[in-house]
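Below is one structure, written out as structure tokens; comments come after it.
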Amino acid sequence: MRREELVMICTSDIAGQLRGKAVPVRDFEKRREVGVGWTPTNIMITAHGPIAPSPWGSREDLYLRPVPATAVRLAVDADGPVQHFVLSDIMRLDGNPWECCLRDFLKRGLAALEAEGFGLVASFEHEFALQGVEERPNSPYNLDAFRRQGPFAEVFTAAMREAGLEPDTFMPEYGPSQYEVTMRHAPGLVAADRAIMLREVARGVADRLGFRATFTPLLRPDAVGNGVHVHFSLTDRAGSPVNHDPQGPAGLSPTAAAFLEGIRRKLPALCALTAASTISYLRLVPHRWSASYTNVGVRDREAAVRICPVFRPGTEETALHFEYRAADAAASPYLVLGGLVWAGVWGLRQKLDAPPLTTSDPEEMSERERAALDLRRLPTSLADALSELEKDAELAAAMGETLHRVYLAHKRFEDELMAPLDPAERCASYALAY
Ligand code: GLU
Ligand code: MG
């Protein structure tokens, strides 16, 4: 019998999972407008399976309306199954976006930024473990570790290109069997869509080649973290960068300075959105090359926000950009970028002054030195981050009352679910989920 190809219409949810329903490809045109039916309570399904207490229960209906430009069709081997999916917006039956649609949270943030006169381009840099690759201690950046992933990198690169993801670099990262992939920057919404697509392309290719790609924040308590580093740059409405001013501190324009200070001040609450698992906080500790203080650091890979280097003198106008490092793949890219944009917009509206910049390790500073630079330790647990998010009036308003409330309820339930497990067991549970 000939197989019939399906396309899965998916949504990226609070659990950072991609869920949806598949329809025969031949019906896709018909589904473009009507989409597929969806249940509000689905957003309360945790990454580990159990459903957090839902205000909707078994009631009410929504639909997933596909965004055709995000379609990915992955046919790794001639005879194997075609993996075909498309991202979507979650719509109410009256045709308006659902108040808990995460893609809409980002869209609204970008519209608020646009109203201030600016745009944003971004690229998500991903680290992940390729399970099935032999772990050897010589792995970091090693040609031999590159070789050990066999045909994965080549097939993955081809699949990314075919999906329109504009592959940039691929490398063996520091951890044994850990790899990193980067792609070209794109306008904010496209960048977040692409981050979701990239993870599934990696998982799909790995699956067909006999590996498993996991983007879990931490494979084991002693492992090297899998970070998601969000590179971003502000532009004017026409798309020209507006980050640089030779007179500004570290070359920051007043616009970039206010935007970054908005993010910096909101960092404790933002962590709840960007480091959204209980094990994310085992990664966000000093000297793991992730982030652990509320700092904007000049060319420092342990800063929560890093001012990246400009490699060719004279290109500052176009090349100066920033990297948010306190994120991981347990979070939906829509919440990560949406949170950053909303925090930055708040900074712009408040006309905040430039952030205090760090050029040395906050962990090595005295309490007084840290206080002088207004450096706070990032939350050390998901529960603490959620408390920060709960009391942050601006982020609450940006999310909207319902999304803010259900997000807290979902993540607190996840925290309770993980509480009986020791760190190793938690890591194992998240490794299966991501
Ligand atoms: N693995 C580190 C992290 O958890 C990042 C290492 C690096 O690329 O600088 O974020
Ligand atoms: Mg890296």
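The values are calculated or read from the model by the stated rules, or taken from the named source; none is laboratory data. Everything numeric here is computed off the predicted structure, so don't read it as measured data. Quick reminder, even Gly has a Cβ in these numbers, built from the backbone with ideal geometry, and neighbours come from all protein chains shown. Side chains included, ligands, DNA and RNA excluded: accessible areas come from the protein's heavy atoms. Shrake-Rupley method; radii C 1.70, N 1.55, O 1.52, S 1.80 Å.
Among residues of the stretch 328-339 that are in contact (Cβ under 8 Å) with a residue 60 or more places away in the chain and within 16 Å of ligand 2 (Cβ to nearest atom), those with a beta-carbon under 7 Å from a residue that is open to solvent by 10 Å² or more (accessible area, probe 1.4 Å) and part of a loop (DSSP other than H, G, I, E, B) at least six positions away or on a different chain give the pairs A329/G16. Checking R199, R194, R212 one by one, the residue that is within 15 Å of G132 (Cβ to Cβ), of a type in the set (D, E, K, R), modelled with pLDDT of 95 or more and in contact with a strand residue (DSSP E or B) (Cβ under 9 Å, 6 or more places away or on another chain) is R212 and no other. The residue that is nearest to F105 (Cα to Cα), counting only those in the stretch 179-191 that are out of contact with any Ser or Thr (no Cβ under 8 Å at 6 or more places or on another chain) and away from ligand 2 (no atom under 16 Å from the Cβ), is L189. The condition of being under 26 Å from A223 (Cβ atoms), of a type outside the set (D, E, K, R) and either open to solvent by less than 50 Å² (accessible area, probe 1.4 Å) or in contact with a helix residue (DSSP H, G or I) (Cβ under 8 Å, 6 or more places away or on another chain) (or both) holds for A385.
For the stretch 289-307, filtering for residues that are part of a loop (DSSP other than H, G, I, E, B) and open to solvent by 10 Å² or more (accessible area, probe 1.4 Å) leaves 5.
The set of residues from the stretch 123-152 being of a type in the set (A, V, I, L, M) and more than 16 Å from ligand 1 (Cβ to nearest atom) comprises V133, L143. Out of all the residues in the stretch 261-276, is one or more touching a residue at least 12 places away in the same chain (Cβ under 8 Å), in a helix (DSSP H, G or I) and within 14 Å of ligand 1 (Cβ to nearest atom)? Within the stretch 261-276, one or more residues are touching a residue at least 12 places away in the same chain (Cβ under 8 Å), in a helix (DSSP H, G or I) and within 14 Å of ligand 1 (Cβ to nearest atom). Output the residues belonging to the stretch 317-336 that are more than 18 Å from S381 (Cβ to Cβ) and within 13 Å of ligand 1 (Cβ to nearest atom). Those that are more than 18 Å from S381 (Cβ to Cβ) and within 13 Å of ligand 1 (Cβ to nearest atom): E323, Y324, R325, A329.
Where helices (runs of 4 or more DSSP H) sit wholly within the stretch 341-434, those with at least 1 residues that are under 23 Å from the mean Cα position of the chain (by Cα) and modelled with pLDDT of 95 or more occupy 382-391, 393-399, 401-418, 423-433. The C-beta contact set for the stretch 127-139 (first residue in contact (Cβ under 8 Å) with a residue 12 or more places away in the chain, second residue open to solvent by 20 Å² or more (accessible area, probe 1.4 Å) and of a type in the set (K, R), distance under 8 angstrom, 6+ apart or interchain) comprises L130/R212; Q131/R212; G132/R212; V133/R148; E134/R148; R136/R148. Of all residues in the stretch 172-204, those satisfying the criterion of being part of a helix (DSSP H, G or I) and either open to solvent by 20 Å² or more (accessible area, probe 1.4 Å) or of a type outside the set (A, V, I, L, M) (or both) are G188, L189, V190, D193, R194, R199, E200, R203, G204.
Screening A71, A47, A115, A111 for residues that are open to solvent by less than 20 Å² (accessible area, probe 1.4 Å), modelled with pLDDT of 95 or more and either of a type in the set (A, V, I, L, M, F, W, C) or under 20 Å from R199 (Cβ atoms) (or both) leaves exactly one candidate, A47. Could you check, for the stretch 153-171, whether at least one of its residues is buried (at least 16 other Cβ atoms within 10 Å of the Cβ) and within 16 Å of ligand 1 (Cβ to nearest atom)? Yes: one or more hits. For the stretch 25-73, residues that are closer than 12 Å to M8 by Cα and assigned to a strand (DSSP E or B) total 6. Applying the set (1) surrounded by fewer than 24 Cβ atoms within 10 Å (Cβ to Cβ); (2) within 16 Å of ligand 1 (Cβ to nearest atom); (3) of a type in the set (S, T, N, Q) to T216 leaves exactly one unmet item: (1).
Yes/no matrix, rows are residues, columns are (1) within 15 Å of ligand 2 (Cβ to nearest atom); (2) over 17 Å from the mean Cα position of the chain (by Cα):
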{"position": "S177", "(1), (2)": "yes, yes"}
{"position": "V201", "(1), (2)": "no, no"}
{"position": "A206", "(1), (2)": "no, yes"}
{"position": "G210", "(1), (2)": "no, yes"}
{"position": "A213", "(1), (2)": "no, no"}
{"position": "P217", "(1), (2)": "yes, no"}
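Considering the stretch 119-144, the residues that are buried (at least 21 other Cβ atoms within 10 Å of the Cβ) and over 20 Å from R203 (Cβ atoms) include one that is farthest from ligand 2 (Cβ to nearest atom), namely L120.
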